[in-house]
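Asker: One structure coming up, written as structure tokens, with questions to follow.
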2 protein chains.
Amino acid sequence: MSKNVVSPPVNETETVQTLALASARHEPRTRRPAEEREAQIIDAAFEAFGVDGLNETRIDDVARIAGVSKGTIYLYFPNKEALFREMIRRTVIARLDALENEAHDPDPLTDFHRLVGAFWGYINTSEFPVIHRLVIGALPRMPELSQFFAERASLRWQRLLQTSIDACVDDGTFSPEHAPRSACMLHSMLMQHALMRALPSMCTAMKLDDGDAVLEHILTFFLGVMHSTTPISRAQHA
Amino acid sequence: MSKNVVSPPVNETETVQTLALASARHEPRTRRPAEEREAQIIDAAFEAFGVDGLNETRIDDVARIAGVSKGTIYLYFPNKEALFREMIRRTVIARLDALENEAHDPDPLTDFHRLVGAFWGYINTSEFPVIHRLVIGALPRMPELSQFFAERASLRWQRLLQTSIDACVDDGTFSPEHAPRSACMLHSMLMQHALMRALPSMCTAMKLDDGDAVLEHILTFFLGVMHSTTPISRAQHA
DNA sequence: TTGCTTAATGACTGACTGGTCAGTATCCTA
DNA sequence: TAGGATACTGACCAGTCAGTCATTAAGCAA
């Protein structure tokens with residue numbers, strides 16, 4: 001991308017080079033607390049890896065974005081893979097910790113809606129599909145990363161949803177019939193739709209532009225089962 | 001890995017070299033029709049890329065698996081990326097063409113179950129999660145591949161499901177209330193569950209081992225909405 | 001059998017990049 | 001202000017691998 005800053009072989013080549021060097025040199029070397037540098041590098045890593053993935057990204061690029069030298073990165077992380085791993089880990093944790101401390105609502109149904117809204121908001125950030133793609137893409141190379149992600153994000157959300165749904169059942173708002181696995185179903189629908197929404201081609205083909213409308217559809221469908229009290233004829237075709 | 005076969009500089013170097021060459025030479029060079037060679041290479045590419053992904057896989061590995069030399073691959077494909085792309089394209093197409101010609105059932109509900117069964121079978125092959133992962137992983141590098149995949153696989157299946165559902169509505173088996181977007185919802189649940197099932201950690205945590213039971217759960221949930229005729233209170237919490 | 005065409009081979013090359021480390025600049029203490 | 005400790009730098013190195021091409025041999029026609 002912006003690799004050729006130094007190269008254009010016009011007559012002012014020297015000027016450009018000089019400027020580039022100058023700007024590089026002018027930025028005075030600064031010492032920062034370890035924590036701050038680490039955060040700086042992690043942020044740059046998210047930006048760089050997020051665009052190109054683990055393999056396409058050069059450590060030099062991460063260094064450039066972070067505004068440090070390549071060597072500095074190796075002072076804080078033993079290698080490229082470890083940096084990648086830590087970047088995923090922190091991004092996932094940071095987001096979940098922030099959401100965990102949100103206030104609950106005393107009314108179960110209201111709280112259910114709050115929770116679903118929070119989840120929908122989370123998976124519709126630009127950050128989420130990036131992390132998701134990176135984790136999936138890195139699966140064969142780092143299976144433990146997908147396990148971390150699964151336990152730390154997917155399963156945790158499913159448990160939160162299930163707890164909230166169970167509260168609505170206890171409350172009498174939801175029918176108990178389909179409750180047991182319903183969090184899983186809701187999670188599936190929300191997740192899949194959010195991921196589709198991140199793909200421009202799917203977005204237009206399926207008319208998913210309006211995020212609120214999509215959520216509304218999913219909830220209407222979901223509540224169609226949960227509020228229903230009529231016994232349904234089970235699937236005869238196994 | 002097996003690069004150093006020729007190198008060990010012991011005293012029997014010559015013998016080793018001769019043997020290595022001999023074994024390589026013993027496999028007699030064969031000429032094959034272009035189509036056959038291409039298929040051979042594509043199959044090997046699926047095997048190799050499927051394990052390690054685009055970047056981890058060496059062209060030499062594909063060649064070794066295919067039983068041809070590296071140079072031969074470049075007679076059939078201009079470069080590594082083109083081979084990868086073509087491998088995805090053919091695998092997706094081959095599978096869908098095979099399923100397309102299945103016989104329909106005159107009864108709408110029976111045909112719906114047949115279709116869902118076929119889809120569930122497809123996304124639960126070991127092949128599907130591999131292709132899915134590769135496409136997702138390659139997204140930033142080859143967005144057109146994801147578009148091809150989306151249109152050729154996801155959207156096509158959603159349309160088939162929707163048609164089948166609409167037939168059940170016309171038939172009076174399904175309530176029309178939630179029909180419009182229901183294929184999308186069903187597709188989401190099936191897809192997400194199938195992909196989870198491919199991750200060992202998720203599989204155990206969510207008790208997804210029994211594929212038939214999972215499908216049964218999803219269908220029961222889905223039919224809970226579609227058979228329901230009670231008007232439901234819409235979500236008050238927008 | 002001879003000789004031609006071309007599929008097939010694999011040693012080689014050039015470009016690339018992860019990781020290193022000798023040297024430099026900053027900051028802090030005395 | 002001197003001098004030690006160390007955060008930081010970036011030129012360099014060694015390994016890797018996609019892609020090339022001179023050479024080989026299979027298969028065919030005469």
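Asker: Provide the per-residue ³J(HN,Hα) series for the stretch B:155-166, in order, calculated from phi with Karplus coefficients 6.51, -1.76, 1.60 and θ = phi - 60°, each as a whole number of Hz, with x at glycine and proline positions.
Answerer: 3J(HN,Hα) across the stretch B:155-166, in whole Hz: 5, 4, 5, 4, 5, 4, 5, 4, 4, 5, 5, 4.
Asker: With unit charges on the beta carbons (Lys and Arg positive, Asp and Glu negative) and the dipole taken about the Cα centre of the stretch A:89-238, which residue among A:Val214, A:Asn101, A:Ile123 sits farthest to the positive side?
Answerer: The listed residue farthest towards the positive side: A:Ile123.
Asker: How far is A:Ala205 from the same spot in each other copy, in nm, shortest first, if each label point sits 7 Å from Cα toward Cβ?
Answerer: 3.0
Asker: Next up: Can you work out the FRET efficiency for the pair B:Glu100 and A:Ala82, with r the C-beta to C-beta distance and R0 = 41 Å, to the nearest 0.05?
Answerer: Given R0 = 41 Å and the Cβ-Cβ separation, E is 0.30.
Asker: Every other copy gets compared here: list the nm distances from the A:Pro176 label point (7 Å along Cα to Cβ) to its counterparts, shortest first, one decimal.
Answerer: Between copies, matching label points for A:Pro176 lie 3.7 nm apart.
Asker: Roughly how many nanometres apart are two label points built 7 Å out from the Cα toward the Cβ at A:Glu151 and A:Arg31?
Answerer: Result for the modelled spin labels: 3.9 nm.
Asker: Assigning unit charges at the beta carbon (Lys, Arg +1; Asp, Glu -1) and nothing else, what dipole magnitude in debye, to the nearest 20, does the stretch A:85-238 show about its Cα centre?
Answerer: 820
Asker: While we're looking at this one, here's another question. Taking each label point as 7 Å beyond Cα in the direction of the beta carbon, state the distances from B:Ser126 to the same residue in the other copies, shortest first, in nm.
Answerer: In nanometres, ordered from closest: 4.0.
Every read-out reported here was derived from the displayed coordinates using simple, explicitly stated rules and does not represent laboratory data. Note that the structure is a prediction, hence the values are computed from the model and not measured. When we count neighbours, we look across all protein chains shown, and the Cβ atoms used for this are built from the backbone with ideal geometry, even at glycine.
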